[in-house]
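Working notes for the structure below.
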Amino acid sequence: LVGVWHDDNGSPHIVGISRYHLRRETGVAEIALVVGESWHRRGIGTRLMQRLIHIARERGVKQLVGFVLAENEPMLTLLQRLGFKIQSSSEEDTVVASILLDE
């Protein structure tokens, strides 16, 4: 998914991207989210993730999983607000955010 902003001239600019990569054999998808730095804290990441979760559910994805730097508090807060559970990982500086979709 792509978040687009149109400037005063109507030219489109990509301000954020969210996606998932599905492992069909397990039904688990790894997520990614990137929002341009000047667009942080404007709700774009939240909207992109809400839409991604909705699409994943519609397509029968069982679980979404993301690997997040432990110091990335804004991302962790966003994911927790959307229902993701945060757990430690085998990597010292990374945590795992996951949400079950088939419940």
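How high is the relative contact order of the chain? Use alpha-carbon pairs under 8 Å, at least six apart in sequence, and give a whole percent. Don't skip to the answer; put the middle values down first.
Working: 165 pairs, mean separation 22.7, N = 103.
In percent, rounded to a whole number, it is 22.
Sorted by average packing, counted as other Cβ atoms within 10 angstrom per residue and highest first, what order do 74-80, 1-7 take?
Packing order, densest peptide first, comes out as 74-80, 1-7.
Under the Karplus relation 6.51 cos²θ - 1.76 cosθ + 1.60, θ = phi - 60°, what is the ordered set of whole-Hz ³J(HN,Hα) values for segment 48-59, x standing for Gly and Pro?
So the Karplus estimates, Gly and Pro as x, are 5, 6, 4, 5, 4, 4, 4, 5, 4, 4, 4, 8 Hz.
When the scattering of segment 21-63 is computed by the Debye formula from its Cα atoms alone, each counted once and equally, what is log10 I(q)/I(0) at q = 0.14, 0.19, 0.25, 0.29 Å⁻¹?
-0.38, -0.61, -0.84, -0.99
Considering only the chain, what is the antiparallel percent among its DSSP beta bridges, to the nearest 5?
The antiparallel fraction comes to roughly 90 percent.
Step by step: find N for the chain, compute 2.2 N^0.38 Å, then divide the Cα radius of gyration by it. What's the final number? List each step's numbers first, then the result.
On the way: Rg = 14.5 Å, N = 103, 2.2 N^0.38 = 12.8 Å.
Normalised by 2.2 N^0.38 Å, the Cα Rg of the chain equals 1.13.
Provide the per-residue ³J(HN,Hα) series for segment 12-19, in order, calculated from phi with Karplus coefficients 6.51, -1.76, 1.60 and θ = phi - 60°, each as a whole number of Hz, with x at glycine and proline positions.
Running phi through 6.51 cos²θ - 1.76 cosθ + 1.60 with θ = phi - 60° gives x, 9, 6, 10, x, 9, 10, 7 Hz.
Hey, what's the chain come to in accessible area per residue, 1.4 Å probe, Å²?
70 Å²
Accessible area of the chain with a 1.4 Å probe: how many percent of it is carbon plus sulfur?
The nonpolar share, carbon plus sulfur, comes to 47 percent.
Roughly how big is the chain's charge dipole about its Cα centre, with Cβ charges of +1 (Lys, Arg) and -1 (Asp, Glu), in debye to the nearest 20?
With only Lys, Arg, Asp and Glu charged at Cβ, the dipole is about 480 debye.
The values are calculated or read from the model by the stated rules, or taken from the named source; none is laboratory data. None of these values were measured; they are calculated from a predicted model. For neighbour counting, all protein chains shown are included, and Cβ atoms are generated from backbone atoms with ideal geometry for every residue, glycine included. These accessible areas exclude ligands, DNA and RNA; they are computed on the full protein's heavy atoms, side chains included. Shrake-Rupley method; radii C 1.70, N 1.55, O 1.52, S 1.80 Å.
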